[in-house]
Amino acid sequence: MELDLTAGERAKLDEVLAPYIARGRKLGPMTARPATPRKVPVSTPEERAEIRAWAKAEGYEIADRGQIPNAVVKAYRTAHLEALDGGPSAA
């Protein structure tokens, strides 16, 4: 960032910041951490629409847009696996 200050403005800024700079602490060398990739479940727009419809029918409060909470996705997938397996009592 760059500020375009006159000499007088710079002196005033230095004066205002001086107490904070005096009490601040020095940081060690800054090293960039590698970005941690987001863990986003792979799903299609159609599947997300199905999950939203199912969640609303099941009484979950869910927005029409944005990320679907992981708990809702997990519940949806669990319910659909049970349906494929013949219900929760099927072994």
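Brief remarks on what is shown
- Residue count for segment 26-60 satisfying the condition of being in a loop (DSSP other than H, G, I, E, B), of a type outside the set (Gly, Ala, Ser) and under 19 Å from the mean Cα position of the chain (by Cα): 9.
- Checked against the criterion of being in contact with a Leu (Cβ under 9 Å, 6 or more places away or on another chain) and under 25 Å from LEU3 (Cβ atoms), the candidates LEU17, LEU13, LEU27 yield just one match: LEU13.
- Criterion violated by ARG65 - all others in (1) surrounded by 10 or more Cβ atoms within 10 Å (Cβ to Cβ); (2) under 20 Å from the mean Cα position of the chain (by Cα) satisfied: (1)
- Close pairs from segment 65-91: first at pLDDT 70 or above, partner of a type in the set (Gly, Ala, Ser) and part of a loop (DSSP other than H, G, I, E, B), Cβ under 8 Å, at least 6 apart: VAL73/SER43; GLU82/ALA90
The values are calculated or read from the model by the stated rules, or taken from the named source; none is laboratory data. Computed from a predicted model, the values in this text were never measured in an experiment. Using ideal geometry, Cβ is built from the backbone for each residue, glycine included, and neighbour counts are taken over all protein chains shown.
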